[in-house]
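See below for the structure under consideration.
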Amino acid sequence: MGISNAGRDIICKMIAGESTTDFNNANAYLGVGDSSTAFAASQTDLQAATNKLRKAMSAGYPLAVSSNVITWRAQFETGEANWAWNEWAIFNASSGGTMLNRKVESLGTKTSSDVWQLTVTLTITVPAS
């Protein structure tokens, strides 16, 4: 999964104590789309032209499992996101806002008879010097 330039910049602002919109339960969204366009750090949204949707967090998410792991989870109901899931991303707004990251991978094709839950785990590591 690639961190976007905007995601990198908002992390720097958070560390510096500047005012930002958090990726918390009130603001975080997981988005899915049907584009298989390769990730580029300059991207600010999912690349799907029309088949894309952002969903708010499930209750209790994001969850800090340990000091370096954060987990986001959203549920997509039967009438939502019924297409091939080829990309996903984490956002801090239902539209616009900041895209923290984007991942291009085929997760299958959701149909209207399915309820799918997307869980994203981000592990932050610092290389040994």
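The values are calculated or read from the model by the stated rules, or taken from the named source; none is laboratory data. Not measured: the values here are computed from a predicted model. So basically every Cβ, Gly included, is an ideal-geometry build from the backbone, and we count neighbours across all protein chains shown.
With respect to being out of contact with any Cys (no Cβ under 8 Å at 6 or more places or on another chain), under 15 Å from Ile90 (Cβ atoms) and part of a loop (DSSP other than H, G, I, E, B), Ala26 fits the description.
Contact map, segment 91-105: residues that are closer than 15 Å to Ser35 by Cα paired with residues that are charged (D, E, K, R) and buried (at least 20 other Cβ atoms within 10 Å of the Cβ), Cβ distance under 8 Å, separation 6+ or inter-chain. Pairs shown: Arg102/Glu87; Lys103/Glu87; Val104/Glu87; Glu105/Glu87.
Of all residues in segment 43-101, those being polar (S, T, N, Q) and under 25 Å from Ser112 (Cβ atoms) number 10. When you scan segment 112-127, do you find a residue that is closer than 18 Å to Ser35 by Cβ, surrounded by fewer than 16 Cβ atoms within 10 Å (Cβ to Cβ) and of a type in the set (Ser, Thr, Tyr), even just one? For segment 112-127, residues closer than 18 Å to Ser35 by Cβ, surrounded by fewer than 16 Cβ atoms within 10 Å (Cβ to Cβ) and of a type in the set (Ser, Thr, Tyr): absent.
Do we find a residue being aromatic (Phe, Trp, Tyr), in contact (Cβ under 8 Å) with a residue 40 or more places away in the chain and within 16 Å of Asn24 (Cβ to Cβ) anywhere in segment 109-129?
Checking segment 109-129: not a single residue is aromatic (Phe, Trp, Tyr), in contact (Cβ under 8 Å) with a residue 40 or more places away in the chain and within 16 Å of Asn24 (Cβ to Cβ).
All of Gly17, Gly31, Gly7, Gly2 fail the test of being within 21 Å of Val126 (Cβ to Cβ) and touching a Phe, Trp or Tyr at 6+ places or on another chain (Cβ under 7 Å), apart from Gly2. For the residues Ser66, Ser58, Ser36, the requirement of being more than 14 Å from Leu100 (Cα to Cα) and modelled with pLDDT under 95 singles out Ser66. Could you say whether any residue in segment 100-111 is surrounded by 17 or more Cβ atoms within 10 Å (Cβ to Cβ), in contact with a helix residue (DSSP H, G or I) (Cβ under 7 Å, 6 or more places away or on another chain) and within 20 Å of Thr123 (Cα to Cα)? Scanning segment 100-111, I find at least one residue that is surrounded by 17 or more Cβ atoms within 10 Å (Cβ to Cβ), in contact with a helix residue (DSSP H, G or I) (Cβ under 7 Å, 6 or more places away or on another chain) and within 20 Å of Thr123 (Cα to Cα), so the answer is yes.
Report yes if Asp34 is surrounded by fewer than 16 Cβ atoms within 10 Å (Cβ to Cβ) and acidic (Asp, Glu), otherwise no. Answer is no for this residue.
Being within 11 Å of the chain's Cα centre (by Cα) and either buried (at least 20 other Cβ atoms within 10 Å of the Cβ) or at negative phi (or both) is true of Ala93. Number of residues in segment 60-90 that are under 19 Å from Thr50 (Cβ atoms), crowded, with 19+ Cβ neighbours inside 10 Å and of a type outside the set (Phe, Trp, Tyr) equals 4.
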